[in-house]
Amino acid sequence: MTLTVRVISPDKTVWDATAEEVILPSTTGQLGILSGHAPLLTALDTGVMRVRSSKNQDWVAIALLGGFAEVEQDEVTILVNSAENGDKINLEQARTAYTEAQTRLNQVSQGDRQGQIQANQAFKRARARFQAAGGLV
């Protein structure tokens, strides 16, 4: 049996196909979904979603920037603020952005709470894009 998986952002549908397995970056950790999964609604963190395609059994990486996922009757609907397919991300640009975000995060002063939050969000976004592009395992 397969899952119907849809990843929808405000401006486009990023993924709409069948899959054998989905791994989601939920706010409580990685969450694996197979056919027959119990109904579920969960918040998603910024991270990498992995989908095992039912066509060729290859894993596809998609960078997600927060959102929600609903699982019901072998349908997985993922609503996100933004998403990017890993094979469309330039690896070198993603590596540079990751390194720069990591540097900014390390340089933010302890007293600058707002700066820390912004730097942490930028770092998580850059890390997710870099991982989806094939960097960092």
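The values are calculated or read from the model by the stated rules, or taken from the named source; none is laboratory data. The structure displayed is predicted, hence computed values, not measured ones. Note that each Cβ is placed from the backbone with ideal geometry, even for glycine, and that neighbours are counted across all protein chains shown. Accessible surface areas use protein heavy atoms only, side chains included; no ligands, DNA or RNA. Shrake-Rupley method; radii C 1.70, N 1.55, O 1.52, S 1.80 Å.
With a 10 Å cut-off between alpha carbons and a GNM built on the chain, which of G66, G36, G111 moves the most? So, out of G66, G36, G111, the one fluctuating most is G111.
Equivalent-ellipsoid semi-axes for the chain (Cα gyration tensor, √(5λ), whole Å, largest first): 29, 17, 11. Accessible surface calculations at 1.4 Å, restricted to protein heavy atoms, place the chain at 57 Å² per residue.
Amide H contacts of E21: R52, each under 5 Å away and 5 or more positions distant or on a separate chain (H built 1.01 Å from N in the peptide plane; Pro and chain starts excluded).
Taking the helices alone, the chain has a mean residue ellipticity at 222 nm of -9500 deg cm²/dmol, built from -39,500 (n - 2.57) per DSSP H run of at least 4 residues and averaged over all its residues. Within region 10-31, whose backbone N sits under 20 Å from a point 7 Å along Cα→Cβ of K55? Under 20 Å, as judged by backbone N against the label point of K55, lie 12-23 of region 10-31. 3J(HN,Hα) couplings calculated from phi for region 115-122 with the Karplus curve 6.51 cos²θ - 1.76 cosθ + 1.60 (θ = phi - 60°) are, in sequence order, x, 5, 4, 5, 5, 5, 5, 5 Hz; Gly and Pro show x. Amide hydrogen proximity for S82: with H placed 1.01 Å from N in the peptide plane, the residues at 5 or more positions away or on another chain lying under 5 Å are L65.
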